[in-house]
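The values are calculated or read from the model by the stated rules, or taken from the named source; none is laboratory data. Since the structure is predicted, the reported quantities are computational estimates derived from the model, not experimental observations. Backbone-built Cβ (ideal geometry, glycine too); neighbour counts: all protein chains shown. Accessible surface areas use protein heavy atoms only, side chains included; no ligands, DNA or RNA. Shrake-Rupley method; radii C 1.70, N 1.55, O 1.52, S 1.80 Å.
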Amino acid sequence: MTATVPTTPAGPELQDGPPRGHRAWPWAAALSAAASGGLHIAAAFDHVGTHDVVVGFFLLVAFAQLGLGVWLAMSIVAGLRPDVRLLALALLSTVALVGLYVVAHTTDLLAAFQVHDGGGGTHHGGGTAPQGTSTQTVGPVALGLEPVATREPAGPLGAATVATEMVTVLALTALLPARWRGWVTNALLLVGAATWVLWLTGVLG
Amino acid sequence: MDLPSLDRRDMLKVSLLGAAAVALPVQASLTAKSASRIASRKLPRPYTLPFTKPPVLAPTYTDAATDYYVVRQQAFVGRILPGVDTPLFGYNGMVPGPTIKASHGRGTVVRQINELPAVHPTLGYVPWTSTHLHGMPSEPQFDGYAGDNSQPGQWKDYHYPNNCEARTLWYHDHGVHHTAENVYMGLAAQYHVSDAAEQALPIPKGDYDVPLTIGDAAFAENGALLWDDHSHSGVFGDVILVNGVPWPTMKVARRKYRFRILNASVARGFRLRLSNGQPFQVIATDGGLMSAPQTVTLLTVGMAERYEVVIDFAAITPGQKIQLVNNGVKNSIDYDHTGKIMQFEVTADPFDPANNTVPPVLGPAHPAMLLKPAEAKVKRYMRLNRTNSIWTINDQTWKDVEDGDYEPIFANPQPGDVEIWDVENKSGGWFHPLHVHFVDFQVVSRNGRPPRPEEKGPKDVVYVGEGEKVRLLMRFSKPDGYHGRYMIHCHNLSHEDHDMMIQFQIGEHEPDCDPINAAPPKYGAPPVGF
């Protein structure tokens, strides 16, 4: 992939003591990215024993977000301006994650990767339940000839994660060069509008 | 200098996506009006499928006093939704299973063969079964006792005396801890006992005597049944099934029909009415005919309750359609189409005019309805409750019974004794259809007032609604009659499976009526004969 947009070189611009409101954005980006990473670790633990791919994906995302947070924090402490290409990549990735979350919880497109593919308090998952006990299930389970996954309802953890990621989106946008911001916020506006249109037309829901 | 910043307009632009990302997934979870995950185009529109009746099972062998039947409990792939394969459990590979018709005084032996898989493919439990003929005063070892389990590969002959009055019964699985799953997957069917008094009545018979087994189901993306017991509160489907068909339409002639309504749902209660406001004439309850028909426009049917009603289509113009609808009960989860049950389409077809009357007196009162509270030797109190997320009856569970080696009992009436049981549900969060095995009882009062009109007949299940208290009056067997241990439980099958069940004992408990050991199921190929 090539970057065709000129980038602002890393430099000591933040050392000149920008107003307090401006200093808040880098920290907001760093902390929200790290918090999202922490929430994804929690989500990974929440899904252990249900689907290894989901757990692996959550851990991958968590470490990337924690890395982003640490990198941003180090940049602030060092007084360096983060590389714009990396900021753009982080922004794009975070928006993609938000989109994935919305699609996963409002459509069945990703149901195959969702949880609840088995019974049991810790999901029997097609194994043998202990004899003499009643069935413990969490959420809907398809009573098929083989385990079938279904869409997982959105819970507080997911809502908190996506809200934190939106803070990251906002903060990363603020960190972009001024001439990029208008373009990016317009693009985000279009994505947001498209999301609502898809919901209103029944594609999402 | 290019400082990090966002102005108000930028923030508003991004907030559109933020609001969508946070709100839409949550609302999708909260506002779902369907339980099923299958594409809605694969669900039939209500009233578009034809009505069917389960076949009547023919005996495989008869002798002078008994009819012998063979029923195989099988896993199979059937079709409930048009063009969609659904894995099911069924008696003889059908859902609901075949109807068995018996006559008073003539015994039946039903050989139940468990041919289910060794392990449930998705839930992971062993699908053992214990078949209960609900409504039959059977000996304990043939009553479908929880613990008298036939493992996959086992078979058992159930002996039924048919010594009760004419009535609508049903046979269904009662395997301990997995009744709900097994019944939800299809192990349920009707069983009718007729007698001379009922046959002599001019009420609808033959083609005009119609079983209506009502249930509900939800479907996964691939057509499999979807199971969600809402933390043991119950399974609620969004597709209403009548005799295994979603919202069917039945063509009827301009005459009276007798419908044997059975609520075979795991957890859904119904409040039925006809769309044109026409009344039902209730002629029979769980334990058989009422002495006089009761006219109601609204009929509450809890799980496992049976009501026989007569609907008269004589005054309806041919071509007109009437719907049987569900007003719903508290604490059953309603979806877009759970208010619909089935449709009747009145035709101008010729019909047999015989047996087209509901006489004002149907016969002498059932023995349970002749009991007087003054006859009761004992009055007992039963509290239906949920404590620490556990369903209990008087703070007891079936686990307590199991832990006590099946010895703990709630009551020990002697054969022929009469007792009053006051049953109370103080909760506002759920209702409990309470089933007492073996006996027919009289509902004396509901919240201190007379019972509903449709309850003025012999019952074996009573709907104990939120915050309600009902008084029951019953006689336990008779001197020299059957004795032993029988179950009492909530017929919300999720509650039952999660231990809302206890037992009582009539007279002595002896080895020859031990519900687990007196007639245990057997492995191996069953003999050709009986």
(request) Within 10 Å of each Cβ in peptide B:228-234, how many partner chain Cβ atoms are there on average? Round it to a whole number, please. (result) 4
(request) Mind ranking B:283-291, B:420-428 by how tightly packed they are, going by the mean number of other C-beta atoms within 10 angstrom, highest first? (result) B:283-291, B:420-428
(message) Taking the solvent-accessible surface of protein heavy atoms with a 1.4 Å probe, what is the per residue accessible area of chain B in Å²?
(response) 35 Å²
(message) Under the rule of at least 5 residues apart or a separate chain, name every residue whose amide H is placed under 5 Å from the amide H of B:Leu212.
(response) B:Arg260, B:Ile261, B:Leu262
(message) For the protein assembly as shown, compute Rg over Rh where Rg is the Cα radius of gyration and Rh is the Kirkwood radius from the inverse mean 1/r over Cα pairs.
(response) 1.09
(message) What's the magnitude of the charge dipole for chain B around its Cα centre, counting Lys and Arg as +1 and Asp and Glu as -1 at the beta-carbon? Answer in Debye, nearest 20.
(response) 2000 debye
(request) Do me a favour and compute the ellipsoid semi-axes for the range B:316-372 from its Cα gyration tensor, root of five times each eigenvalue, largest one first, whole Å. (result) 31, 28, 7
(request) May I ask for the net charge around B:Pro318, where only other residues with Cβ less than 13 Å from the Cβ of B:Pro318 are counted and Lys, Arg are +1 while Asp, Glu are -1? (result) +2
(message) I'd like the per residue volume of the convex hull spanned by the Cα atoms of chain B, given in cubic angstrom.
(response) 193 Å³
(request) Mind checking B:165-178 for the average number of partner chain beta-carbons within 10 Å of each residue's beta-carbon? (result) 1
(message) What are the ³J(HN,Hα) couplings of the range A:197-202, residue after residue, when phi is run through the Karplus curve with 6.51, -1.76, 1.60 and θ = phi - 60°? Round to Hz, x for glycine and proline.
(response) 4, 4, 6, 5, 8, x
(request) For each pair in B:Lys330/B:Lys379; B:Lys42/B:Lys456; B:Lys372/B:Lys426, compute the distance between the two Cα atoms and list the pairs where it is over 32 Å. (result) B:Lys42/B:Lys456
(message) At R0 = 25 Å, how high is the FRET efficiency between A:Leu60 and A:Thr107 if r is their beta carbon distance? Nearest 0.05 is fine.
(response) 0.65
(message) Can you show me the helix-derived [θ] at 222 nm for chain B, built from DSSP H runs with n ≥ 4 at -39,500 (n - 2.57) apiece and divided by the number of residues, rounded to the nearest 500.
(response) -2500 deg cm²/dmol
(request) Kindly rank B:242-252, B:394-404 from highest to lowest mean number of other beta carbons found within 10 Å of each residue. (result) B:242-252, B:394-404
(request) Search the structure for amide H atoms under 5 Å from the amide H of B:Gly93, placed 1.01 Å from N in the peptide plane, and list their residues when 5 or more places away or on another chain. (result) B:Gln74
(request) Enumerate by residue number the GluC sites (Glu not before Pro) in the range B:453-530 meeting two conditions: DSSP loop (anything except H, G, I, E, B), and at most 15 other Cβ atoms within 10 Å of the site's Cβ. (result) B:Glu466, B:Glu508
(message) I need two numbers for the range A:35-109: Rg to one decimal and Dmax as a whole number, Cα atoms only, in Å.
(response) 14.4, 46
(request) List, in order, the whole-Hz ³J(HN,Hα) value for each residue of the range B:154-168 obtained from phi through the Karplus relation with A = 6.51, B = -1.76, C = 1.60 and θ = phi - 60°; use x for Gly and Pro. (result) 9, 9, 8, 8, 9, 9, 10, x, 6, 9, 9, 5, 4, 5, 9
(message) I'd like the projected area of the range B:450-530, averaged over all directions, using the convex hull of its alpha carbons. Report it in nm² with one decimal.
(response) 9.4 nm²
(message) Taking θ = phi - 60°, what integer Hz values does the Karplus form 6.51 cos²θ - 1.76 cosθ + 1.60 yield along the range B:38-52, in sequence order, with x for Gly and Pro?
(response) 5, 4, 4, 5, 8, 8, x, 5, x, 6, 9, 9, x, 6, 9
(request) Among the aspartates and glutamates, select those whose C-alpha is under 13 Å from the C-alpha of B:Lys459, and discard any that sit fewer than 8 residues away in the same chain. (result) B:Glu165, B:Asp286, B:Glu305, B:Glu308, B:Asp440
(message) From the convex hull of the Cα coordinates of the range B:383-530, what is the mean projected area in square nanometres?
(response) 11.2 nm²
(message) I'd like the interface area for chains A and B: accessible area of each alone minus the complex, both sides summed, 1.4 Å probe, protein heavy atoms only. What is it in Å² to the nearest 100?
(response) 5200 Å²
(request) Quickly work out the B:Thr387-to-A:Arg85 label distance, labels modelled 7 Å from Cα along the C-beta direction, and quote it in nm with one decimal. (result) 6.9 nm
(message) Bins of 10 Å, beginning at zero and ending with the bin holding the largest distance: percent of Cα pairs per bin for the range B:126-196, please.
(response) 21, 51, 24, 4, 0
(request) For B:Leu226, list long-range residues whose amide hydrogen, built 1.01 Å from N in the peptide plane, is under 5 Å from its own amide hydrogen. (result) A:Leu143, B:Ala218, B:Phe219, B:Ala220
(request) Find the eigenvalues of the gyration tensor of the Cα atoms of the range B:1-160, then list the square roots of 5 times those eigenvalues as equivalent ellipsoid semi-axes, largest first, in whole angstrom. (result) 56, 20, 14
(message) So if I place +1 on the C-beta of Lys and Arg and -1 on the C-beta of Asp and Glu, and nothing else carries charge, what would the dipole magnitude of the range B:177-267 be about its Cα centre? I want it in debye, nearest 20.
(response) 720 debye
(request) Heavy atoms only, probe 1.4 Å: what % of the accessible area of the protein assembly as shown goes to carbon and sulfur, would you let me know? (result) 59 percent
(message) I want the antiparallel fraction of DSSP beta bridges within chain B, as a percent rounded to 5.
(response) 75 percent
(message) How much length would be gained if the chain were fully extended between B:His159 and B:Phe530, taking 0.36 nm per residue of separation minus their Cα-Cα distance, in nm to one decimal?
(response) 132.4 nm
(request) For helix B:8-30, report the angle its Cα long axis makes with the longest principal axis of the Cα atoms of chain B; keep it between 0 and 90° and round to the nearest 10°. (result) 10 degrees
(request) Taking the Cα centre of the protein assembly as shown as origin, work out the dipole magnitude from +1 charges on Lys and Arg Cβ and -1 charges on Asp and Glu Cβ, in debye rounded to 20. (result) 2460 debye
(request) Please name which of B:Leu226, A:Leu188, A:Leu87 has its Cα lying farthest along the dipole of the protein assembly as shown towards the positive end, using unit charges on Cβ (Lys, Arg +1; Asp, Glu -1) and the Cα centre as origin. (result) A:Leu188
(request) Describe numerically, in nm with one decimal, the distance between label points set 7 Å from Cα along Cα→Cβ at B:Asp7 and at B:Thr317. (result) 6.9 nm
(message) What does the structure give for A:183-193 when I average, per residue, the other chain Cβ atoms found within 10 Å of the residue Cβ?
(response) 5
(request) Just need the relative contact order of the range B:236-345 here, percent rounded to a whole number, with Cα pairs under 8 Å and 6+ apart. (result) 39 percent
(message) Counting each pair of different Cα atoms once, what's the Kirkwood radius of the range B:167-252 in Å, rounded to one decimal?
(response) 15.4 Å
